[in-house]
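Values quoted throughout were computed directly from the atomic coordinates according to the rules given, and no laboratory measurement underlies them. This structure is a prediction, so every number in the text was calculated from the model and none was measured. All Cβ positions, glycine included, derive from the backbone under ideal geometry; neighbour counts span all protein chains shown.
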Amino acid sequence: MVDQVRRFNRVVTERVGALDDRFLGRKRPLGEARVLWEVGRGGCEVRLLRSRLGLDSGYLSRLLRSLEAAELIKLTASDDDRRIRVARLTAAGRRERATLDKRADDLAQALLVPLSSQQRERLVAAMHEVERLLISASVEIRAVDPEHPDARYCLAEYVAELNRRSARGFDPSVGVTALPHEVRPPAGQFFVLYLHDEAIGCGAVKHHADAPAEIKRMWLAPQARGLGLGRRLLERLEACALASGARVARIETSAVLTEALALYRSAAWVEVPAFNDEPFADHWFEKGLTGNDRVGHRSPARTGLPE
């Protein structure tokens, strides 16, 4: 498998011109061209550029200095926080980016032209699948404090989406709660999913002595769905519950969250009679935690809002 990955990397880097100091026939390498593209028409904070591109501060600084010397970008302070630097394209930078876009389109077309119609469809479908899997592999799940700004952001998005999807209305302070002190060690644990340091999802566990653990507040951003991340997050929460000593976990959910229902049922959760009076719930589930139940080996369910 490693050999195949390395062969794939070699073919791709050669075919897209990543090794050429004059990427797409321009006077700059791929790194500078990629930064120009990522800055975009509206500008981008330098810290976001660093995380999205996976670059260390020193290398990114050199790329930015080179682009600034070429008068393609300007580095200014953010309007909201003067401590934050923002890269913005100049008029020349916008023209250069447009040229790069046109040449990138031409390169993509050149990859497709020699192939038959069926081969093109196969190649594009394979590229789509590779893209999805690489994005999924880039996601990290980190334990954070439930009052961390990223945790608060995810929880706000979670509540907003539940209220968009249900006319019943969801109030996180009513019913079975997951307040910060309830999902902070040792009472529980809160997790945030990150893609290039941007929060894209969350989930929490409430521990109970001599009682089933509760899994709460599972949410994924729309752009993160369909990548198997809901199942991966659920496995992490199950493992957290098991590590706390729980042998059973519980979760409740609404009938409008069809993705959640599909995920739980495919991950060996069993529907049971209501075990609490959560007003937003229509379905209640339990699962025995044995430590060797590898739910990730089952076919993935596409999931959006698991809980």
Given the Cα-Cα distance of Ala211 and Thr13 and 0.36 nm per residue of separation, how much length would full extension add, in nm? 65.9 nm
Asp145-Arg22 FRET efficiency (beta carbon distance; Förster radius 45 Å; 0.05 resolution): 0.40
Take the alpha carbon atoms of segment 95-140, find their center, do the same for segment 1-17, and report the distance between the two centers in whole angstrom. 14 Å
Sorted by chain and number, the residues with a modelled amide H under 5 Å from that of Ile73, at a separation of 5 or more or across chains, are Glu68, Thr90
R0 of 51 Å, Cβ-Cβ distance Glu71-Ser166: FRET efficiency to nearest 0.05: 0.45
Amide H of Val272 versus every other amide H placed in the peptide plane: which residues, excluding those fewer than 5 positions away on the same chain, fall under 5 Å? Trp284, Phe285, Glu286
For a quick check: with amide H placed at 1.01 Å from N, whose amide H comes under 5 Å from Val248's, ignoring anything fewer than 5 positions away on the same chain? Ala213, Leu289
Compute the Cα gyration tensor for segment 136-265, then decide on rounded, prolate or oblate, letting a ≥ b ≥ c be the square roots of its eigenvalues: rounded whenever a/c is under 1.5, prolate when a/b is larger than b/c in the other cases, and oblate in all that remain. rounded
Between Arg120 and Val270, with labels modelled 7 Å along Cα→Cβ, what's the label distance in nm to one decimal, could you check? 5.3 nm
Karplus-derived 3J(HN,Hα), 6.51/-1.76/1.60, for each residue of segment 174-179, Hz, glycine and proline x: 10, x, 7, 8, 9, 5
Go through 22-33, 208-219 and give me the packing order, highest mean Cβ count within 10 Å leading. 208-219, 22-33
Integer Hz, Karplus 6.51/-1.76/1.60 couplings in order for segment 206-214, x for Gly and Pro: 10, 8, 9, 5, 6, 8, x, 6, 10
Contact order normalised by length for segment 39-134, with contacts defined as Cα pairs under 8 Å and 6 or more residues apart; what percent is it? 25 percent
